[in-house]
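The values are calculated or read from the model by the stated rules, or taken from the named source; none is laboratory data. Quick caveat, the model's predicted, so the values are computed rather than measured. Glycine also receives a Cβ, built like all others from the backbone with ideal geometry; neighbour counts cover every protein chain displayed.
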């Protein structure tokens, strides 16, 4: 059982997410849901949709220490009885892929986040370049490894989809 979409949106307000972050999360959710519905394997589409909505729930709270980004979301959702949802949302962070994303739901949410720049669907390389410039992810061994792992993940994901990465369009 997952929280309702409206409950997720209320939590965004409770965590004081900016309108820009909310719009990003909503777009990531649309992209992730589209991928999950098109996926050739059985996927919990509702879990993907809700986790994508909440993947940046703690973004404002962790701005000063991005190492905890995702962890506060996991703790919050676990305390509410949504441990599995918290785990999927927590694993959307860039570096989390280095520890291995276990489920397709985690992989889809993490990948969708890396394809959405603010509210626009972009190619993975464009998003990774943005992250390198904005967050310096290309300056650390861990960051470079994560970027390479997302490139590998893209290949793995699209081996289960009927379209190519460059054909992923903005979801309305």
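Scanning segment 64-78 for residues that are assigned to a loop (DSSP other than H, G, I, E, B) and surrounded by fewer than 18 Cβ atoms within 10 Å (Cβ to Cβ) gives 64, 65. In segment 89-148, which residue that is part of a loop (DSSP other than H, G, I, E, B), touching a helix residue (DSSP H, G or I) at 6+ places or on another chain (Cβ under 6 Å) and at negative phi is surrounded by the fewest Cβ atoms within 10 Å (Cβ to Cβ)? Restricting to residues being part of a loop (DSSP other than H, G, I, E, B), touching a helix residue (DSSP H, G or I) at 6+ places or on another chain (Cβ under 6 Å) and at negative phi, the top hit is 119.
Here residue 81 meets the list (1) at pLDDT 95 or above; (2) part of a helix (DSSP H, G or I); (3) surrounded by fewer than 19 Cβ atoms within 10 Å (Cβ to Cβ) almost entirely, failing just condition (2). Of the listed requirements (1) over 14 Å from residue 8 (Cα atoms); (2) modelled with pLDDT under 95, residue 44 misses just one: (2).
Residues in segment 8-29 that are over 13 Å from residue 55 (Cβ atoms) and part of a helix (DSSP H, G or I): 9, 10, 13, 14, 19, 20, 23.
Table: residues versus (1) within 29 Å of residue 160 (Cα to Cα); (2) buried (at least 21 other Cβ atoms within 10 Å of the Cβ); (3) touching a strand residue (DSSP E or B) at 6+ places or on another chain (Cβ under 7 Å); (4) in contact (Cβ under 8 Å) with a residue 12 or more places away in the chain.
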position: 15; (1), (2), (3), (4): no, no, no, yes
position: 31; (1), (2), (3), (4): yes, yes, yes, yes
position: 55; (1), (2), (3), (4): yes, yes, no, yes
position: 62; (1), (2), (3), (4): no, no, no, no
